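**Q** This is the structure, below, for whatever I ask next.
No value in this document is a laboratory result; all are computed from the given coordinates. These numbers were taken from a predicted model, which means no experiment stands behind them. Cβ placement follows ideal geometry from the backbone for every residue including glycine, while neighbour counts extend to all protein chains displayed.
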Amino acid sequence: MTIAGIDLSATEFWGLPLPDRAAAFALLRAQQQPPFFAEPETPFAEPGSGYYALVRYADVVEASKHPEVFSSAKGATSIPDLPVEFNEYFGSMINMDDPRHTRLRRIVSRAFSPRLIAKFQDDVQRAAAEMVDDLLATGPCDFVANIAAKLPLKIICDMMGIPDDQYQMVLANTNIILSGADPEFVSEDLDQAVLQILGAGQALADLLTGLAAVRAEAPAEDLISALVTANIDGEQLTTAELASFFILLVVAGNETTRNALSHGLMLFTQYPEQRALLLADLEGRLEAAVEEIVRYSSPVLFMRRTLTRDYTMNGHNYREGDKTVLFYYSANRDEAVFSDPDRFDITRSPNPHVGFGAPGPHYCLGAHLARRELTVMLRELMTRVPGITVGEPDRLLSSFINGIKRLPCQF
Ligand code: HEM
């Protein structure tokens, strides 16, 4: 592999075997200057003028800490600017700057009351135990459908107050929204794909509108009730804010943790000595193992920022309007911070990975919940099915999500 042969905007790049992908980023990190790429083709926008790939840890951290220079408002979750018709469904806090971002995050953080969080902690334990009961009864099967996708889906839907007969509809739509370039979920015809993605947003927004109307009349103990009734200091979400926040939460809640779980099982299959280490002291090593899985797999591969003014960072001069793409996947393998970064090591300490984003205002709102889901499910599996292994993954073709669609498991 040569530097000239690496194109982060080429769909094929994201289909490369994972060790080749890691090797390509190592080559990019070794360059003096951040590499610049033409923009990828996407279904929903004309390519803009290109972007700098921030592949080093120091750059990703500095950009995240300076949101006044590195703005999220032109779109954090896609490299091309989002067209206006996407804002209605996908314009929530992840794609905002202050003061709008702080206001929204404040209202939402208040809705995540300690009582609500405590309730969901117990629910995660119960749900994980039931899913492992079912797994043992089913026998070898697809780990994604039976465990990895199931737990986050149930937890995020319960948290929102979405009835269980709607779970599959929610999953189908979040799959479409984060389908990337994968033809399994969206058409290869770009116009058609836009319609599918907007249709998925509309379906989730309709679900929210119906639920919000019911909860406004009869509040229950769920997040939607808390959000429709929250009116502290005169602050309340508008219906549009509520809908796009709902979509962000179900998408982020569904499409991330499940991949961390699948990667985790792949890693314990690939590195049996790490499994043995974990099993030798499950309670003592589980927390660090979860962090190492998130570092190593980086389920969210990147977020984007756009420069609000000229700025010099780590020796490079950026201009106002430049796009930068923060590759968490690469920062998490930066040899300047992590020794032997391609080694999966559950005893790594310290492990200051940026898998949930780097420190800054957009740091993952669901990190606590995701860590809980990963810890509880791994504990269940390693206690009750400690010999579980997986076969070849069927990977999602996406530059944004390090996804696994199917993963056969045996035990
Ligand atoms: C392993 C699982 C997860 C990973 C790897 C992950 C990753 C990330 C990353 C990298 C960001 C940073 C965005 C930025 O800086 O621009 C983020 C933000 C966010 N995440 Fe997560 N996430 C995970 C799980 C979750 C879950 C379970 C939820 C919901 C319950 C969630 C909700 C959010 C929200 C709402 C934001 C936006 C926060 C803001 O803009 O202020 N995430 N996540």
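**Q** Counting only Cα, what are the radius of gyration and maximum Cα-Cα distance Dmax of region 59-170, in Å?
**A** 18.7, 54
**Q** Is the C-alpha gyration tensor of region 83-146 telling us rounded, prolate or oblate? Criteria: a/c under 1.5 is rounded; beyond that, a/b larger than b/c is prolate, otherwise oblate. Intermediate values should be presented prior to the final figure.
**A** Values: a/c = 5.53, a/b = 1.79, b/c = 3.09.
Since a/c reaches 1.5 but b/c is at least a/b, the shape of region 83-146 is classed as oblate.
**Q** What shape does region 156-279 have by the C-alpha gyration tensor, where a ≥ b ≥ c are the square roots of the eigenvalues, rounded means a/c under 1.5, and otherwise prolate means a/b greater than b/c and oblate the rest?
**A** Oblate is the answer for region 156-279, as a/c is 1.5 or above yet b/c matches or exceeds a/b.
**Q** Can you give the three extents of the C-alpha atoms in region 1-52 along their principal axes, from longest to shortest, in whole Å?
**A** 31, 26, 13
**Q** Further question: Based on the alpha carbon coordinates of the chain, what radius of gyration and maximum Cα-Cα distance (Dmax) apply, in Å?
**A** Values for the chain (Cα only, Rg and Dmax): 20.7, 62 Å.
**Q** Another question, if that's okay. Based only on other Cβ atoms within 10 Å, what is the fewest-to-most ordering of D97, D7, D165, D81?
**A** Fewest-to-most ranking of D97, D7, D165, D81: D165, D7, D81, D97.
**Q** A follow-up question, please. Pairwise over distinct Cα atoms, reciprocal of the mean inverse distance: report the Kirkwood radius of region 239-315 in Å, one decimal place.
**A** One over the average 1/r among Cα pairs gives 15.6 Å for region 239-315.
**Q** Along Cα→Cβ, 7 Å out, is where each label goes; now give me the distance between the ones at E217 and Q168 in nm to one decimal.
**A** Rounded to a tenth, the inter-label distance reads 2.8 nm.
**Q** Computed over the Cα atoms of region 316-411, what is the convex hull's projected area averaged over all directions, in nm²?
**A** Average projection, Cα convex hull of region 316-411: 9.2 nm².
**Q** Put a dot 7 Å past each Cα toward the Cβ at E320 and Q125; how far apart are the dots in nm?
**A** The two pseudo-label positions are separated by 5.5 nm.
**Q** Continuing with this model, one more query. In nm, what is the difference between 0.36 nm times the number of residues separating A22 and E235 and their Cα-Cα distance?
**A** 72.2 nm
**Q** Follow-up question, since we're still on this one. Order these by the 10 Å Cβ neighbour count, fewest first: S9, S78, S262.
**A** Fewest to most other Cβ atoms nearby, the residues stand as S9, S78, S262.
**Q** Let me ask something additional. Which distance in nm do the two modelled labels at L279 and E68 give, with both placed 7 Å along the Cα-to-Cβ direction?
**A** So the two model labels end up 5.4 nm from each other.
**Q** Moving on. I need C141, C157 ordered by Cβ neighbour count within 10 Å, fewest first.
**A** C141, C157
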